[in-house]
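Below: one structure, written as structure tokens.
The values are calculated or read from the model by the stated rules, or taken from the named source; none is laboratory data. Here the structure is a predicted model, which is why all the values come from computation and not from measurement. Glycine also receives a Cβ, built like all others from the backbone with ideal geometry; neighbour counts cover every protein chain displayed.
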Amino acid sequence: MRWRLRASRPQPALPSGVDVFDTAATELGFTLDTAQRDACAALATDRDLYLWGPVGRGKSWLVSTYFAALPTDRKLRVHFHEFFRDLHLAVRRHRNDLAAALHDLLGGLDVVCFDEFHVHDPADGKFIARLLPALLERDIRVVLTSNYPPHALLPNPLFHDDFVPTIELIERSLRVITVDGPVDYRTTSGHEAGFAAGWWIPPDRIDHLGLQVPAPDEHRTLSPAGHPVHADRALDGCLWIDFADLCEKTTAPVDYLALAEVFPRWTIGNIPDLRSAGREPAQRFANVVDVLYDRDVTTVFLATTPLDALTRGTRLPVDIDRILSRLGQLRRIEHQPGTVRV
């Protein structure tokens, strides 16, 4: 990505303030709840914000509405995983000069919105501890969305105390808004298109969807982010890939993002019981779901374990509630013959 050189100027305001959100909600047929109204009022100001709350409470919709209504093109909305990927590359280009790397990515902008901000990995925590002060020093509005309150970031007790100064910086520098209304809007999916049009089905029921298992001569080795990833099929915008190749190998969000840019339709085969898959493969699968959801990729998940059973067990991803909420939008064919759940 290339950004224009930025000149300092006042941050743009919403042309109609909170009315923008009321109008957008009315068009979609719902009424803003109290928590959403508080977030709307905050978004209509010029304060840096940290919006957090349970899954499906409208955080992404609020930021989407805000972002679309901003009367400027000097803005960026990006998933935090994607920004992390680009920032690490820029830091290497600039020989570990973080300020220069940030100027590369954000130098022409007045507003940046980060989706799905979270910190679970200690190495990420150390880098974010460097990043946030440098980011907040810039003359740019920062809006973060998260499923976690600041004090719950990097929850690992072995590393949490070292991250507390960064948490205090967030609480001191950003206005923290809780979006915790009573409705999980992801449960109201109509399955029209994109991720919500996908399926969670047993492998022996793929005939219901007209799918055919890839032949050996269709197998390919891809290099989405520079290192090899095996795929069973990669043709005409369709990717068929086995769970073992996607999540049991040393893959990362940068690979999933690159694949999602090329393939708008996925099939993930042989998904095991996540309780027995191992912590790292289960966490990679959670990262895959995040990317597929955020990129609105229509995906067929082939799994012998019913979706409802994934909540049982202790060796599950940290973000399992968010992942289950997203997977819960899918159409399902249950293991009982002839039963289709939509």
Exercise. Report whether or not ASP86 is closer than 26 Å to ASP321 by Cα and assigned to a helix (DSSP H, G or I).
Key: no
Quiz item: Which of the residues spanning the range 70-83 are more than 14 Å from the chain's Cα centre (by Cα) and more than 17 Å from ASP48 (Cα to Cα)?
Solution: PRO71, THR72, ASP73
Quiz prompt | TRP240 aromatic (Phe, Trp, Tyr) and more than 23 Å from VAL78 (Cβ to Cβ) | solution = yes
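Quick grid of which residues meet (1) of a type in the set (Gly, Ala, Ser); (2) closer than 30 Å to TRP61 by Cβ:
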{"site": "ARG93", "(1), (2)": "no, no"}
{"site": "ALA100", "(1), (2)": "yes, no"}
{"site": "VAL111", "(1), (2)": "no, yes"}
{"site": "THR145", "(1), (2)": "no, yes"}
{"site": "PRO149", "(1), (2)": "no, yes"}
Quiz item: Taking into account only those residues within the range 117-129 that are touching a helix residue (DSSP H, G or I) at 6+ places or on another chain (Cβ under 6 Å) and surrounded by fewer than 20 Cβ atoms within 10 Å (Cβ to Cβ), which is modelled with the lowest pLDDT?
Solution: GLY125
Quiz item: Can you name every residue in the range 88-107 that is crowded, with 17+ Cβ neighbours inside 10 Å, among the small types (Gly, Ala, Ser) and closer than 19 Å to ARG74 by Cα?
Solution: ALA101
Quiz item: Can you find a residue in the range 216-229 that is among the small types (Gly, Ala, Ser), in the same structural domain as LEU310 (by TED's automatic domain parsing) and either over 23 Å from VAL291 (Cβ atoms) or part of a strand (DSSP E or B) (or both)?
Solution: no
Quiz item: Scanning the range 246-276 for residues that are outside any loop (DSSP other than H, G, I, E, B) and over 21 Å from the mean Cα position of the chain (by Cα), which turns out farthest from HIS79 (Cα to Cα)?
Solution: SER276
Quiz item: How many residues, within the range 98-146, are over 15 Å from PHE80 (Cα atoms) and outside any helix (DSSP H, G or I)?
Solution: 9
Practice problem: Would you confirm whether any residue within the range 135-145 is of a type in the set (Ser, Thr, Tyr) and outside the structural domain of ASP308 (by TED's automatic domain parsing)? | Solution: yes
Quiz item: Take the residues of the range 181-215 that are at pLDDT below 70, part of a loop (DSSP other than H, G, I, E, B) and touching a Gly at 6+ places or on another chain (Cβ under 9 Å): which is farthest from PHE243 (Cα to Cα)?
Solution: ASP184
Quiz item: Inside the range 195-227, can you point out the residues that are surrounded by 12 or more Cβ atoms within 10 Å (Cβ to Cβ) and within 25 Å of the chain's Cα centre (by Cα)?
Solution: PHE195, ALA196, ALA197, GLY198, TRP199, TRP200, ILE201, LEU222, PRO224, ALA225, HIS227
Quiz item: In the range 1-26, how many residues are at pLDDT below 85 and surrounded by fewer than 15 Cβ atoms within 10 Å (Cβ to Cβ)?
Solution: 12
Practice problem: Spot the failing condition for THR304; the list is (1) of a type in the set (S, T, N, Q); (2) under 23 Å from the mean Cα position of the chain (by Cα); (3) over 17 Å from LEU324 (Cβ atoms), and only one is missed. | Solution: (2)
Quiz item: So, in the range 27-57, of the ones that are more than 24 Å from the chain's Cα centre (by Cα) and among the acidic types (Asp, Glu), which residue ends up modelled with the lowest pLDDT?
Solution: GLU27
